[in-house]
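Trainee: Take this structure first; my questions come after.
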Amino acid sequence: MNVSFHSDALPDIDRITGRRRMRRNRRTEWSRRLVRENRLTTDDLIWPIFVIEGENRREAVPSMPGVERYSVDLAVEAARRARSLGIPVVALFPNTDPSRRDDDGSEALNSANLICRACRAIKAEVPEVGLLTDVALDPYTSHGHDGLLREGEIVNDESVSVLARQALVQAEAGSDIVAPSDMMDGRVGAIRETLDSAGYTHVQIVAYTAKYASAFYGPFRDAVGSGKMLSGDKKTYQMDPANTNEALREAELDIAEGADMIMVKPGLPYLDIISRLKETFGMPTVAYNTSGEYSMIEAAAANGWLDGNRAMMETLISFKRAGADSILTYFAPRVAEILKESV
Ligand code: PBG
């Protein structure tokens, strides 16, 4: 049979749609701009930076193309770049020399450790940029876990007392925001108490509220050098990827204990969690666009399989759409450059 498409065979779309044509608003760039519901701005960004020993040293992270580890002096340069790009916050992660790692992660409490030196240097040179530091023992322990390991188990309460001291050491070094990523119970409250009683009532806490036991942290563990050291997995403290309600209970606790902001991690596979937490609690909510999410896009782009910058922008706007207020992302400087050019 010959199906023809001459005009009298066209369907009567206006009758079908009741004259509502969704494409009208999408027709021109100015109109798309006018009806846009969500926007990504440089103000939304937190730029994670890996720090190494030495001077004037930069080191590529092989599993994160485009990301480098910086010695403290170059981390200061990066913070200057953040300031000139208008990125509000940098997050510092140390790659601790293996000789300084031990069973109890005691280097975490050393006020002259790499992270503390980086904080002091950045605060002295670039005080306008906010400093976020991770509270967890994994960059410092010989077993790569976030807490203390006793007879094969990550013990909670003893870990919390060390983590609270770690947070204080970081605050003393100039950290503006401490971010417990360890997932021990009660750590937010213990950190708040410890900070407050030492006079650091102004230091903010971003709680890694819903941090899942995820495959998407692989490249990060390479970057901080804890991957090869990790014995077992983190499933007894990080959340089960199958759970949603549990994230709400975690958030309730963190908020009650004094969290100023809550975080969901990873980001992209957990947009539903971001959205539910934001709707339920209305808290400042941070999405952690993890190392694995970064490297997935970079790897595909390097192969010519997708347009890396477009995939990046689309990923980041998805966090805003889900309800995130800010986004911790390795793409931060690149995005900030793009947003700057587009003004
Ligand atoms: C450590 C920590 C991890 C990340 C941030 N802090 C790794 C882990 O929990 O094993 C992951 C970050 C990323 O993948 O970008 N507590």
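The values are calculated or read from the model by the stated rules, or taken from the named source; none is laboratory data. What you see is a predicted model; the values in this text were computed from it and never measured. Don't worry about glycine lacking a Cβ; one is built from the backbone with ideal geometry, like all the others, and counts go over all protein chains shown. With ligands, DNA and RNA removed, areas are computed over all heavy atoms of the protein, side chains included. Shrake-Rupley method; radii C 1.70, N 1.55, O 1.52, S 1.80 Å.
Trainee: Condition test on VAL188, is it farther than 26 Å from ALA112 by Cβ and open to solvent by less than 10 Å² (accessible area, probe 1.4 Å)?
Mentor: Working: farther than 26 Å from ALA112 by Cβ: yes; open to solvent by less than 10 Å² (accessible area, probe 1.4 Å): yes.
Criteria met by VAL188.
Trainee: Considering the stretch 95-113 alone, what residues qualify as being under 15 Å from GLU53 (Cα atoms), of a type in the set (D, E, K, R) and open to solvent by 50 Å² or more (accessible area, probe 1.4 Å)?
Mentor: ASP97, ARG100
Trainee: Something else: If a residue must be farther than 15 Å from ALA247 by Cα, open to solvent by 10 Å² or more (accessible area, probe 1.4 Å) and more than 8 Å from the ligand (Cβ to nearest atom), how many such residues does the stretch 203-217 contain?
Mentor: 2
Trainee: Additional query: Taking the options ILE52, ILE122, name whichever one is at pLDDT 95 or above and within 22 Å of ASP222 (Cα to Cα).
Mentor: ILE52
Trainee: For a quick check of your reading of the model, give me the residue pairs whose first member lies in the stretch 224-244 and is open to solvent by 80 Å² or more (accessible area, probe 1.4 Å), whose second is assigned to a loop (DSSP other than H, G, I, E, B) and within 13 Å of the ligand (Cβ to nearest atom), with beta-carbon atoms closer than 6 Å and at least 6 apart or on different chains.
Mentor: Within 6 Å, the pairs are LYS235/ALA213.
Trainee: Pairs, please: C-beta under 7 Å, at least 6 apart or cross-chain, first residue on the phi > 0 side of the Ramachandran plot and in the stretch 79-106, second part of a strand (DSSP E or B) and open to solvent by less than 20 Å² (accessible area, probe 1.4 Å)?
Mentor: Close Cβ pairs (under 7 Å, with a partner that is part of a strand (DSSP E or B) and open to solvent by less than 20 Å² (accessible area, probe 1.4 Å)) amount to GLY105/THR141.
Trainee: Answer yes if at least one residue in the stretch 266-275 is in a helix (DSSP H, G or I), within 15 Å of the ligand (Cβ to nearest atom) and within 12 Å of the chain's Cα centre (by Cα), and no otherwise.
Mentor: yes
Trainee: Please verify whether the stretch 183-202 includes one or more residues that are near the ligand (Cβ under 10 Å from one of its atoms) and more than 25 Å from ASN245 (Cα to Cα).
Mentor: no
Trainee: Okay, moving on. Can you find, within the stretch 106-139, the residue that is nearest to VAL162 (Cα to Cα) among those that are in contact with a Pro (Cβ under 8 Å, 6 or more places away or on another chain) and in a loop (DSSP other than H, G, I, E, B)?
Mentor: ALA136
Trainee: Right, here's the next one. Take ARG69 and tell me if it is open to solvent by 10 Å² or more (accessible area, probe 1.4 Å), under 25 Å from PRO180 (Cα atoms), basic (Lys, Arg) and modelled with pLDDT of 95 or more.
Mentor: Judged against the criteria, ARG69 is a match.
Trainee: Let me ask another. Output the residues belonging to the stretch 218-235 that are in a loop (DSSP other than H, G, I, E, B), aliphatic (A, V, I, L, M) and within 10 Å of the ligand (Cβ to nearest atom).
Mentor: Passing the criteria: only LEU230.
Trainee: Here's another thing I want to ask about it. Residues in the stretch 142-154: is at least one in a loop (DSSP other than H, G, I, E, B), more than 16 Å from the ligand (Cβ to nearest atom) and out of contact with any Phe, Trp or Tyr (no Cβ under 7 Å at 6 or more places or on another chain)?
Mentor: yes
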